[in-house]
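The values are calculated or read from the model by the stated rules, or taken from the named source; none is laboratory data. Given the structure is predicted, the values throughout are model-derived calculations rather than measurements. Neighbour counts run over all protein chains shown; Cβ positions are idealised from the backbone, glycine included. The protein model used for the area step is the full one, side chains on, heavy atoms only, and it has no ligands, DNA or RNA in it. Shrake-Rupley method; radii C 1.70, N 1.55, O 1.52, S 1.80 Å.
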Amino acid sequence: MEISSHTLRYWQYEYDVAAKYMIPLLQHWGLSSHGVSMIDVGCGEGGGVCAMHDSGMQCVGFDLEQHRVDMARALQGERIIQWDLGNLYSTTLPFSDRHYDLVVLHDVFEHLEQKQEVLEKLKGYMKPEGRLMITFPPYYSAFGAHQQLCRSPFMRLPFAHLVPFLVSHLLPRLRGEIPDFVAEVQKLARLRMGMRMFERIAREGGWRILHKKGYLISPNHIRFGFRPTGAGMIANIPVLGEILCTGVAYHCIPDAQAPLR
């Protein structure tokens, strides 16, 4: 199978984000890697899963796109990892015959339409003491609609997606834009997945948030040459946190696991 240089770079980016930031954060939150069973929902090309495998986890992963699953298999090397094609909206989910210590959605949740339904399905993957890690860029942050995927220079400007009518009316009319990217930016602009919205959806869906980490510069931005920077308490300031945090990570459990007070 021919693997492009772009795919190799992207796989390495996925690996580095997981190895340098996600795994240390999980360890800081009290989840050791050794012997932990993990499923990555929306695994992409599998770089992050490979990093978690290398840290001592027992890993599986699935993605909606066949070419990404094929690349994950091609790039796993000698690692023992299982991959599959799967859709979170299907009645039958990949690897649903097993239960896991850790469920990971890395920059997937903001793209999902049926968020409550998905969160309920994720509970079915978890062991009695299982944990959930979800990361995403808050919508009202500088690149909250992933508009950096666009080709037009002014569309790639920070906060361009918040300009009235730019995404809904002008973007579809611009020459040279990739239709799939346009559709995704428009969908994200419609869903507007922010931190407060996630926290409300999680609470209403019977989840307890154990930890939250916001970033002024997200770990995802290492591929643009930036050094990630934590937001500290800024992430908890209404409105300001939504605007300044370019990434956020949550550590959650179903409320049934939460200790009684």
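Note on region 61-92: residues that are at pLDDT 95 or above and touching a Lys or Arg at 6+ places or on another chain (Cβ under 7 Å) amount to 1. Answer with yes or no whether Glu177 is out of contact with any helix residue (DSSP H, G or I) (no Cβ under 6 Å at 6 or more places or on another chain), open to solvent by 40 Å² or more (accessible area, probe 1.4 Å) and among the acidic types (Asp, Glu). No.
Which of the residues that make up region 44-60 are part of a helix (DSSP H, G or I) and either modelled with pLDDT under 95 or acidic (Asp, Glu) (or both)? Hit for region 44-60 is Asp54, nothing else.
All but one of (1) modelled with pLDDT of 95 or more; (2) under 26 Å from Pro238 (Cβ atoms); (3) out of contact with any helix residue (DSSP H, G or I) (no Cβ under 8 Å at 6 or more places or on another chain) hold for Gly144; which doesn't? Result: Gly144 passes all but (3). Hey, which of the strands (runs of 3 or more DSSP E) in region 61-172, taking only ones fully inside, have at least 1 residues that are free of Cβ contacts under 8 Å to residues at least 40 places away in the same chain and either open to solvent by less than 70 Å² (accessible area, probe 1.4 Å) or out of contact with any Phe, Trp or Tyr (no Cβ under 7 Å at 6 or more places or on another chain) (or both)? In region 61-172, the matching strands (runs of 3 or more DSSP E) lie at 82-85. If we scan region 190-197, do we find a residue that is open to solvent by 60 Å² or more (accessible area, probe 1.4 Å) and either of a type in the set (Gly, Ala, Ser) or in contact with a strand residue (DSSP E or B) (Cβ under 9 Å, 6 or more places away or on another chain) (or both)? Looking through region 190-197, none of the residues is open to solvent by 60 Å² or more (accessible area, probe 1.4 Å) and either of a type in the set (Gly, Ala, Ser) or in contact with a strand residue (DSSP E or B) (Cβ under 9 Å, 6 or more places away or on another chain) (or both).
Quick one: is Glu184 out of contact with any strand residue (DSSP E or B) (no Cβ under 8 Å at 6 or more places or on another chain), in contact (Cβ under 8 Å) with a residue 60 or more places away in the chain and open to solvent by 70 Å² or more (accessible area, probe 1.4 Å)? Against the criterion (out of contact with any strand residue (DSSP E or B) (no Cβ under 8 Å at 6 or more places or on another chain), in contact (Cβ under 8 Å) with a residue 60 or more places away in the chain and open to solvent by 70 Å² or more (accessible area, probe 1.4 Å)), Glu184 does not qualify.
Among the residues of region 1-15, at least one is among the charged types (D, E, K, R), under 30 Å from Ala189 (Cα atoms) and either open to solvent by 50 Å² or more (accessible area, probe 1.4 Å) or part of a helix (DSSP H, G or I) (or both). Applying the criterion of being out of contact with any strand residue (DSSP E or B) (no Cβ under 9 Å at 6 or more places or on another chain) and hydroxyl-bearing (Ser, Thr, Tyr) to the residues of region 11-28, the residue that is nearest to Gly247 (Cα to Cα) is Tyr13.
Counting residues in region 216-231 that are hydroxyl-bearing (Ser, Thr, Tyr) and open to solvent by 50 Å² or more (accessible area, probe 1.4 Å) gives one or more. For region 220-257, a residue qualifies if it is in a helix (DSSP H, G or I) and under 16 Å from the mean Cα position of the chain (by Cα), and the qualifying residues are Asn220, His221, Ile222, Arg223. Among the residues of region 190-219, just one is in a loop (DSSP other than H, G, I, E, B) and within 20 Å of His28 (Cβ to Cβ), namely Ser218.
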